[in-house]
Amino acid sequence: MCAAVLAGCATERPPFVSTDPLTDVRSPEVDVRDRIGLVEAIPAQAAAGEIDREAAVAALKDIAWANRLPSGLRAPALRGLIDEGGLLDDPERIELLRRLLPTERERGVTATAARVIADRGWTELTPMLVRRFAREEPGVPDTKRVERAALLTLHPDQTLEEIVFEVFLRHGPRSEVELAEKVRRDAWDLLSRLDADGEARVELLGDLAARDADPNRDPLMASLRRGLLELRAIPLTGEQLEWLLELNDIEDIDAEPWWEASNEIIRTLDQDQRRGLRLRHAEPLRIAAEVNRERTRVSRGALLDVLEQRLADRTQHRRVENTRVRQDLDAWRDELTFGDLVSVLTVDDAIAEPRVRLALFEQVDEDRADTTTEYGGVLQVASRRSSLGRFAAVSYPPRPATRQNDRTFIASREMLSENPRAFAHYHFHVQREKNAGFAGPSAADQLYARRYGRTCVVFTSIDRRTLNADVYLPNGVVIDLGEVKPYDEVLP
């Protein structure tokens, strides 16, 4: 018994490692509960002159900024700096929160910051609350977020969508450029959750004065208004916002003719055909107007019949990883808009061409030989026509620095920016020759489609001379287009 007691005494840690509270509060050798007590006592000790005020501020800042420390220690450190009676004055408190809040991960620390901001009426920190709110918190619905409550307290006469949209508007070219880009992207990403279908943003954009469309004043707002007026579509996420800017790049000599042709065909569509138009639909509609005008003149039901007839006799393969996601046309009839059907048929047209199949099977060989990543690229109109077709499959292997593993495709910056008018993005599941169990998009693949707003295709290896093509859309639709066989022709 004595031995046991002695052993217990020998391993017990002293509560402190020194007599200096500013040393002990930083020390990982001190129990967290004791450090919390020290943190809570520091403001009063500094006010009483028992410890140096500047040193106390430095210690509390070190703890408040340390993401590796538990929220239960960091939150009281932050309170000691920004609460009424804290060690910082108001300008210093605002500056600390301006820097800390946008990238903060801990809910407890965020709650401390949001409460003080709301209580003090610091509306100048509204953009930082928006940026923090844009970061999703798994398991916490937006209605329960502390940032939401603070924003509505700061701006009681506005809806949440109006508050966030106003932040987006205010951070134009006259703002600090780098910060403005971050604020705008985060605000638009948050709106993509609050206004998932874009209807509120369409109304808000429609209410703006014409002066906001001046490209010299604000190129982004000009692009948004142009997208709304000429393409009947707005970007729903930050990534799609960047895509719209690339489509409207004034230095791209092909951009203006593309906008004119896209607008010309979209203006001819009836109300049912325009329903649910997105940026991804513009290029397939333009292509149809150029090479298959009848496709743009028929009803949505007629296009469903065309697609059904094409798929009727094809051999298809189902992904076994997630059987809840159906890949047949019958499952998605009600969700497919006119624009979606034109897009899917355009993808199917492209896959049928010898030029495209030749390129795809060459890329499959390259992908299978490279075990560091999955390969992918874009489907687009070919730069030159040939007897092998009018479409092209352009490969964009991921950059070496971004590669994760042989089951992950990472789109390169060049893939996203060099081909803004591509009508689909694709990648491969060809790690093995017989890979049918993975025929279809993964959850990560579908997230990519939602974020980037693209029509996407995944090609899966069934055997050495067979791929299976699945097209998937940002709205969750997955359609198995069946098997793809190689052509024996080669390019001249």
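Of the residues making up the stretch 82-90, none is assigned to a helix (DSSP H, G or I), of a type outside the set (Gly, Ala, Ser), at pLDDT 95 or above and within 29 Å of residue 221 (Cβ to Cβ). Between residues in the stretch 444-464 that are closer than 19 Å to residue 321 by Cβ and residues that are surrounded by fewer than 21 Cβ atoms within 10 Å (Cβ to Cβ), which pairs lie under 6 Å by C-beta distance while being six or more apart or on different chains? Every condition considered, the pairs that remain are 460/435; 460/438; 461/433; 461/435; 462/436. Taken together, the criteria place residue 390 among residues that are touching a strand residue (DSSP E or B) at 6+ places or on another chain (Cβ under 6 Å) and not in a loop (DSSP other than H, G, I, E, B).
The set of residues in the stretch 319-342 being of a type in the set (Ser, Thr, Tyr) and either under 20 Å from residue 485 (Cβ atoms) or open to solvent by less than 40 Å² (accessible area, probe 1.4 Å) (or both) consists of 337 alone.
Annotation note: Cβ proximity below 9 Å between a residue of the stretch 473-486 that is of a type outside the set (Val, Ile, Thr) and a residue that is open to solvent by 10 Å² or more (accessible area, probe 1.4 Å) and in a strand (DSSP E or B) (sequence gap 6+ or interchain) occurs for 483/462. The number of residues in the stretch 303-335 that are touching a residue at least 24 places away in the same chain (Cβ under 8 Å) and of a type in the set (D, E, K, R) comes to 9.
Do the conditions hold for residue 236, that is, is it of a type outside the set (Lys, Arg), over 14 Å from residue 286 (Cα atoms), open to solvent by 10 Å² or more (accessible area, probe 1.4 Å) and touching a residue at least 24 places away in the same chain (Cβ under 8 Å)? Judged against the criteria, residue 236 is a match. From the list 416, 467, which residue is part of a helix (DSSP H, G or I) and open to solvent by less than 20 Å² (accessible area, probe 1.4 Å)? Going through 416, 467 in turn, just one is part of a helix (DSSP H, G or I) and open to solvent by less than 20 Å² (accessible area, probe 1.4 Å): 416. Of the listed requirements (1) crowded, with 18+ Cβ neighbours inside 10 Å; (2) closer than 15 Å to residue 480 by Cα; (3) charged (D, E, K, R), residue 295 misses just one: (2). List the number of the failed condition for residue 379; all other conditions in (1) part of a strand (DSSP E or B); (2) open to solvent by 40 Å² or more (accessible area, probe 1.4 Å) hold. The single condition residue 379 does not satisfy is (2). Scanning the stretch 18-41 for residues that are open to solvent by less than 70 Å² (accessible area, probe 1.4 Å) and more than 21 Å from residue 68 (Cα to Cα) returns 18, 20, 41. You will find that of 437, 476, 482, the residue that is farther than 21 Å from residue 356 by Cα and outside any helix (DSSP H, G or I) is 476 and no other.
Checked against (1) free of Cβ contacts under 8 Å to residues at least 60 places away in the same chain; (2) more than 19 Å from residue 386 (Cα to Cα); (3) touching a helix residue (DSSP H, G or I) at 6+ places or on another chain (Cβ under 9 Å), residue 349 meets all criteria but (2).
Please go through the stretch 420-444 and pick out each residue that is modelled with pLDDT under 95, within 21 Å of the chain's Cα centre (by Cα) and open to solvent by 20 Å² or more (accessible area, probe 1.4 Å). If the condition is that a residue be modelled with pLDDT under 95, within 21 Å of the chain's Cα centre (by Cα) and open to solvent by 20 Å² or more (accessible area, probe 1.4 Å), then 442, 443, 444 are the ones that fit. Could you list, in sequence order, all residues of the stretch 240-255 that are open to solvent by 40 Å² or more (accessible area, probe 1.4 Å) and either closer than 14 Å to residue 181 by Cα or small (Gly, Ala, Ser) (or both)? 242, 245 - these are the residues of the stretch 240-255 that are open to solvent by 40 Å² or more (accessible area, probe 1.4 Å) and either closer than 14 Å to residue 181 by Cα or small (Gly, Ala, Ser) (or both).
Rundown of residues vs (1) of a type outside the set (A, V, I, L, M, F, W, C); (2) out of contact with any Phe, Trp or Tyr (no Cβ under 8 Å at 6 or more places or on another chain); (3) without any contact (Cβ under 8 Å) to a residue 40 or more places away in the chain, yes/no style:
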{"site": "288", "(1), (2), (3)": "no, yes, no"}
{"site": "293", "(1), (2), (3)": "yes, yes, yes"}
{"site": "298", "(1), (2), (3)": "no, yes, yes"}
{"site": "301", "(1), (2), (3)": "yes, yes, yes"}
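Table: residues versus (1) within 15 Å of residue 137 (Cβ to Cβ); (2) at pLDDT 95 or above; (3) hydrophobic (A, V, I, L, M, F, W, C).
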site: 65; (1), (2), (3): no, yes, yes
site: 73; (1), (2), (3): no, yes, yes
site: 76; (1), (2), (3): no, yes, no
site: 80; (1), (2), (3): no, yes, no
site: 94; (1), (2), (3): no, yes, yes
site: 102; (1), (2), (3): yes, no, no
site: 105; (1), (2), (3): yes, no, no
site: 109; (1), (2), (3): yes, yes, yes
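Say we look at the stretch 59-90 and pick out the residues that are more than 17 Å from residue 125 (Cβ to Cβ) and charged (D, E, K, R); which of these is most open to solvent (accessible area, probe 1.4 Å)? For the stretch 59-90, the residue satisfying everything is 68.
Regarding residue 358, is this residue buried (at least 19 other Cβ atoms within 10 Å of the Cβ) and modelled with pLDDT under 95?
Answer is yes for this residue.
Within the stretch 304-318, is there a residue that is over 26 Å from the mean Cα position of the chain (by Cα), over 20 Å from residue 455 (Cβ atoms), among the β-branched types (Val, Ile, Thr) and surrounded by fewer than 20 Cβ atoms within 10 Å (Cβ to Cβ)? The answer is yes; a qualifying residue exists.
The values are calculated or read from the model by the stated rules, or taken from the named source; none is laboratory data. Keep in mind that what you see is a predicted model, and the values were worked out from it rather than measured. Cβ: placed from backbone, ideal geometry, glycine included. Neighbour counts: every protein chain shown. Just so you know, the surface numbers come from the protein's heavy atoms only, side chains and all, with ligands and any DNA or RNA stripped out. Shrake-Rupley method; radii C 1.70, N 1.55, O 1.52, S 1.80 Å.
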